[in-house]
1. Output the residues belonging to the stretch 173-196 that are over 20 Å from residue 234 (Cα atoms) and either within 16 Å of the ligand (Cβ to nearest atom) or touching a residue at least 12 places away in the same chain (Cβ under 8 Å) (or both).
2. Residue 163: within 15 Å of the ligand (Cβ to nearest atom) and either part of a loop (DSSP other than H, G, I, E, B) or modelled with pLDDT of 95 or more (or both), yes or no?
3. Quick one: which helices (runs of 4 or more DSSP H) lie wholly within the stretch 338-457 and hold at least 3 residues that are away from the ligand (no atom under 16 Å from the Cβ)?
4. Give the residues of the stretch 288-317 that are buried (at least 19 other Cβ atoms within 10 Å of the Cβ), more than 14 Å from the ligand (Cβ to nearest atom) and not in a helix (DSSP H, G or I), sorted by residue number.
5. Out of the residues in the stretch 318-330 that are in a strand (DSSP E or B) and in contact with a helix residue (DSSP H, G or I) (Cβ under 8 Å, 6 or more places away or on another chain), which is nearest to the ligand (Cβ to nearest atom)?
6. Within the stretch 260-280, work out how many residues are more than 16 Å from the ligand (Cβ to nearest atom) and either under 29 Å from the mean Cα position of the chain (by Cα) or more than 14 Å from residue 377 (Cα to Cα) (or both).
7. Consider residue 214 carefully, then state whether it is part of a strand (DSSP E or B) and either without any contact (Cβ under 8 Å) to a residue 40 or more places away in the chain or under 22 Å from the mean Cα position of the chain (by Cα) (or both).
8. Would you mind finding the one in 72, 110 that is assigned to a loop (DSSP other than H, G, I, E, B) and over 21 Å from residue 162 (Cβ atoms)?
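The values are calculated or read from the model by the stated rules, or taken from the named source; none is laboratory data. These figures come from a predicted structure and were not determined experimentally. Positions of Cβ are generated from backbone atoms using ideal geometry, with glycine treated the same way; all protein chains shown enter the neighbour counts.
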Ligand code: ADQ
């Protein structure tokens, strides 16, 4: 009888991110309800067929009791998720403090917070200590679940200390690290008190990835200028050890958006929106309510456009959907009030008894609602002051194959490097330039719109999230194998 060959087990991929892709809500003392998010990273990893992915991260809830932790761990295991339990104090110092108050603004060129820069180095130090402690807790969980041959993929600025912790546990572990935000110029990074320690920790990874070639170049410059190491075309070399550094631009699951447009609830929403805004051009902004997204600048540019183009005043409307984030941070509360104040003033100035020029919603939209808006609007305005990539611009393009709307895109979003040829690129700080680009978009001929859309649609549908994840993971695998061969020679 023929001997059946055993099917090789798929290699395991441990994806480590600050947050697990699930929302956990406590239902009873020992029971939880879990909802898997359909975010980009989740669908990207579903596409990596040759690996079996498991997630490791914080579930976003404080579970102080051991019985509760056991119950949640058991429920999460069904979703292939492994929790890291962080207490409230650590979350406050590590997540709200060091991650969101220090690294996030710094990496987006907004500088270090004033109070930390001036006097309270103690608060900076305690936040950095909490950051390292939290990263060590992530490392402990990874190490506990790691099996020989696994590939470990660490994500984002929350976990810059993790590669070093993991390699200390096991120098043979294959570790990759990917940054979703920009990596700033080395002159910005060098202002960070813990600049060297963070760079050295990231360099412990085998492969370090960024959205764009510029971010990768900034990282290599920071390593050469701050640490005095050698930059090579492959990455950074330290005492004969190479850390590969490269650009891996993320994409979206474009098929998911294109398919959704045919779904009856989306068609229904589209019909309603068309009726609601009949006779007017509709412009769209979809952002997290974050200072990096340039929402006040966008609205002020729209005001300038209305001011200078009275003919358009009752013919165009801006829908700005801004999902609130980090609502307990004072800067974000200030931003919300500022946006409300500007919107109120402009609507008071240009509104009529029957219509207002800006509809601003402080909330998240469900997937179908979002697809419908992407499909019916004439122009999308993405005016981030800095943005690692910006997936909203990709999602808009994916949903516009019928209408061929115009994308106005900040030159400071990573997406400008991939969608720049089809979009109108703007400097979001230049209100006049953005106002003029609104006029250009609204008046653009259908031939020109078609030409621009075609370019961007081809990019968005070929450079997908699945392809991004597959490329990163297989390159990480190859990098480690090559390094092992080199060492043996
Ligand atoms: P974000 O800063 O969150 O991501 P972005 O890339 O635009 O920015 O992704 C936002 C996601 O949230 C999109 O999928 C969008 O559909 C959704 N979203 C935003 N506002 C919404 C709303 N009001 N309702 C419903 N959904 C909404 C970080 C980096 C980016 C980088 C990504 C991926 O800051 O630069 O592109 O990670 O690496």
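1. 173, 180, 181, 188, 189, 190, 191, 192, 193, 194, 195, 196, listed by residue number.
2. no
3. Where helices (runs of 4 or more DSSP H) fall fully within the stretch 338-457 and carry at least 3 residues being away from the ligand (no atom under 16 Å from the Cβ), they are 431-442.
4. Those that are buried (at least 19 other Cβ atoms within 10 Å of the Cβ), more than 14 Å from the ligand (Cβ to nearest atom) and not in a helix (DSSP H, G or I): 316, 317.
5. Going through the stretch 318-330, the residues in a strand (DSSP E or B) turn out to be 318-324.
Going one step further and asking which of them are in contact with a helix residue (DSSP H, G or I) (Cβ under 8 Å, 6 or more places away or on another chain), we end up with 318-322, 324.
Values: 318: 14, 319: 11, 320: 9, 321: 4, 322: 6, 324: 9 Å.
Looking at residues that are in a strand (DSSP E or B) and in contact with a helix residue (DSSP H, G or I) (Cβ under 8 Å, 6 or more places away or on another chain), I get 321.
6. Going through the stretch 260-280, the residues more than 16 Å from the ligand (Cβ to nearest atom) turn out to be 262-264, 267-268, 270-272, 274-280.
Going one step further and asking which of them are either under 29 Å from the mean Cα position of the chain (by Cα) or more than 14 Å from residue 377 (Cα to Cα) (or both), we end up with 262-264, 267-268, 270.
Number satisfying all stated conditions: 6.
7. Values: part of a strand (DSSP E or B): no; either without any contact (Cβ under 8 Å) to a residue 40 or more places away in the chain or under 22 Å from the mean Cα position of the chain (by Cα) (or both): yes.
When the stated conditions are applied, residue 214 does not pass them.
8. 110
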